[in-house]
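Accompanying notes for the structure given below.
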Amino acid sequence: MLEIKNLHVDLEEEDKTILKGVNLTVEAGKVHAIMGPNGSGKSTLSYVLSGRDGYKVTQGSATLSGVDLLDMEPEERAAAGLFLAFQYPVEIPGVGNMTFLRTAVNAQRKARGEDEMSAADFLKLVREKAKTLQIDAEMLKRPVNVGFSGGEKKRNEILQMAMLEPKMCILDETDSGLDVDAMKLVADGVNALRDPGRGFLVITHYQRLLDHIKPDVVHIMSDGRIIKTGGPDLALEVEQNGYADILSEGV
Ligand SMILES: Nc1ncnc2c1ncn2[C@@H]1O[C@H](COP(=O)(O)OP(=O)(O)OP(=O)(O)O)[C@@H](O)[C@H]1O
Ligand SMILES: [Mg+2]
């Protein structure tokens, strides 16, 4: 599904290489987790895949179901089925949460050649999904993420994901800042979307999230590369021993 080969990325503004040959394949139906020390390039990888400005791909490729992602505009990538839940969700003053969701859902439907969803159907669906994430009606009316608490923003990202039903979901530290109950809600939201046709890339620092979202594969990223890949046990090893042993093996 998502295939990243030998991806090298520099910053556009300064002469600095962040990703130094990332190789990663996420198969449909699988959940892959990425862990790794601060500053190792995890968020950069997610930004580059989603098409954020400021990065220059100098080598390598990234495809989704065989289609080149790196050539597309961000909205084309979204239409192709890629979704990124941000580490720091953006606030959009002046745009109501509900309006934003409806526009996004209908843009995707249009890109797939489907009709727009009726106002009534949309309302029913968004209320149902919001309820399971304990997002109340008032939060749906407020401008996107404006004044939302950290945890509310993260839940709102999952609501967007649930509404868009993307093929490939990337979650960047969606667990950070969540209280224990909210983490369970978010994990349940992700698990509800697990599907043989959908892939997940879950970036996290904590094994705790992976207790709820059981990953098939765990990768460790360090200094712009994936240096170790294993099963769920690898996350437990990191939780217990930190990165020192793994980093020294990788050299
Ligand atoms: N615009 C920028 N200017 C300078 N350095 C940058 C810029 N963007 C990213 N970097 C650097 O790139 C490296 C990778 O950053 P990135 O945010 O991808 O790390 P991360 O693995 O997501 O870390 P964390 O676990 O703390 O979220 C860091 O050293 C960061 O300082
Ligand atoms: Mg990050």
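The values are calculated or read from the model by the stated rules, or taken from the named source; none is laboratory data. What you see is a predicted model; the values in this text were computed from it and never measured. For neighbour counting, all protein chains shown are included, and Cβ atoms are generated from backbone atoms with ideal geometry for every residue, glycine included. Just so you know, the surface numbers come from the protein's heavy atoms only, side chains and all, with ligands and any DNA or RNA stripped out. Shrake-Rupley method; radii C 1.70, N 1.55, O 1.52, S 1.80 Å.
Among the residues of the range 196-240, write down those that are charged (D, E, K, R), away from ligand 2 (no atom under 16 Å from the Cβ) and in contact (Cβ under 8 Å) with a residue 40 or more places away in the chain.
Of the residues in the range 196-240, the ones charged (D, E, K, R) are 198, 208, 211, 214, 216, 223, 225, 228, 233, 237, 239.
Still in the list and also away from ligand 2 (no atom under 16 Å from the Cβ): 198, 208, 211, 214, 216, 228, 233, 237, 239.
Those that are charged (D, E, K, R), away from ligand 2 (no atom under 16 Å from the Cβ) and in contact (Cβ under 8 Å) with a residue 40 or more places away in the chain: Arg198, Lys214, Asp216.
Counting only helices (runs of 4 or more DSSP H) wholly contained in the range 112-222, the ones carrying 2 or more residues that are modelled with pLDDT of 90 or more and more than 20 Å from Tyr88 (Cα to Cα) occupy 119-132, 137-141, 180-193, 207-212. Considering the range 41-56, and only residues there that are more than 10 Å from ligand 1 (Cβ to nearest atom) and modelled with pLDDT of 95 or more, the residue that is least open to solvent (accessible area, probe 1.4 Å) turns out to be Leu49. Is it the case that the range 88-106 has a residue that's within 12 Å of ligand 1 (Cβ to nearest atom) and either at pLDDT below 95 or over 18 Å from Leu164 (Cα atoms) (or both)? Yes, that holds for at least one residue. If you go through the range 14-36 and keep only what is more than 7 Å from ligand 1 (Cβ to nearest atom) and farther than 23 Å from Asn191 by Cβ, you end up with Asp15, Thr17, Leu19, Lys20, Gly21, Val22, Asn23. Can we say Ala104 is surrounded by fewer than 17 Cβ atoms within 10 Å (Cβ to Cβ), in contact (Cβ under 8 Å) with a residue 12 or more places away in the chain and part of a helix (DSSP H, G or I)? Spelling it out, Ala104 is indeed surrounded by fewer than 17 Cβ atoms within 10 Å (Cβ to Cβ), in contact (Cβ under 8 Å) with a residue 12 or more places away in the chain and part of a helix (DSSP H, G or I). Exactly one residue out of Val90, Val9 is open to solvent by less than 60 Å² (accessible area, probe 1.4 Å) and either within 16 Å of ligand 2 (Cβ to nearest atom) or touching a helix residue (DSSP H, G or I) at 6+ places or on another chain (Cβ under 6 Å) (or both), and it is Val9.
Could you list, in sequence order, all residues of the range 64-87 that are within 16 Å of ligand 1 (Cβ to nearest atom), outside any loop (DSSP other than H, G, I, E, B) and among the aromatic types (Phe, Trp, Tyr)? Before you say what the answer is, go through the steps one by one.
Filtering the range 64-87 for residues within 16 Å of ligand 1 (Cβ to nearest atom) gives 84-87.
So of that shortlist, the ones also outside any loop (DSSP other than H, G, I, E, B) come out as 84-85.
Scanning the range 64-87 gives no hits.
Number of residues in the range 153-177 that are within 16 Å of ligand 1 (Cβ to nearest atom) and either touching a residue at least 40 places away in the same chain (Cβ under 8 Å) or surrounded by 20 or more Cβ atoms within 10 Å (Cβ to Cβ) (or both) equals 10.
Figure legend. Inter-residue proximity from the range 17-28: first residues farther than 15 Å from Glu3 by Cα, second residues hydrophobic (A, V, I, L, M, F, W, C), beta-carbon distance below 6 Å, spacing 6+ or different chains. Indicated pairs: Ile18/Val9; Leu19/Leu7; Leu19/Val9.
Of all residues in the range 32-40, none satisfies being open to solvent by less than 30 Å² (accessible area, probe 1.4 Å), at pLDDT below 95, polar (S, T, N, Q) and within 29 Å of Arg194 (Cα to Cα). Pairs linking a residue in the range 44-59 that is on the phi > 0 side of the Ramachandran plot to a residue that is open to solvent by less than 60 Å² (accessible area, probe 1.4 Å) and among the aliphatic types (A, V, I, L, M), with Cβ atoms under 7 Å and 6 or more positions apart or on different chains, are Gly51/Met72; Gly54/Leu11. Applying the set (1) within 17 Å of Phe83 (Cα to Cα); (2) more than 16 Å from ligand 1 (Cβ to nearest atom); (3) surrounded by 20 or more Cβ atoms within 10 Å (Cβ to Cβ) to Ala192 leaves exactly one unmet item: (3).
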